[in-house]
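Scroll down for the structure; my scribbles are underneath it.
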Amino acid sequence: MACDECRALSTHAFRNADDLVHAVRLAAEETDRGVLSRIAEPALTQAAREALDSSLASGALPNTIRYRFRCEICGDTFTLHADTRSGEGGWTRDGESP
Ligand SMILES: [Zn+2]
């Protein structure tokens, strides 16, 4: 059940890179405000870490990103996932269908 603080963070699909950038920015703002907190992903495997390190070292973004957040007020969780090449992806309130 959404609370007043995170009610506006509804599930939606990104149509393009602008939508992706907007969602990342909003998530960062809400994290700064203390409403959202990042949920740590399980430790990457060694192979995945090396692939990520080499892509960051070359200045390239990973092709896909996936971040998870939790609302500090009501405990709802969210997933931001996207393909950074096309901008396709979405913001999902976990347990809610698009
Ligand atoms: Zn909330």
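The values are calculated or read from the model by the stated rules, or taken from the named source; none is laboratory data. Keep in mind that what you see is a predicted model, and the values were worked out from it rather than measured. Positions of Cβ are generated from backbone atoms using ideal geometry, with glycine treated the same way; all protein chains shown enter the neighbour counts.
Quick notes on this one:
- Failed condition for residue 82, given (1) at negative phi; (2) modelled with pLDDT under 75: (2)
- Verdict on residue 13 being away from the ligand (no atom under 15 Å from the Cβ), part of a strand (DSSP E or B) and either surrounded by fewer than 11 Cβ atoms within 10 Å (Cβ to Cβ) or at pLDDT 95 or above (or both): yes
- Residue 49 passes every criterion in (1) at pLDDT below 90; (2) within 16 Å of the ligand (Cβ to nearest atom); (3) among the charged types (D, E, K, R) apart from (2).
- Extreme residue, surrounded by the most Cβ atoms within 10 Å (Cβ to Cβ), among residues of region 65-76 that are near the ligand (Cβ under 10 Å from one of its atoms) and within 15 Å of residue 26 (Cα to Cα): 71
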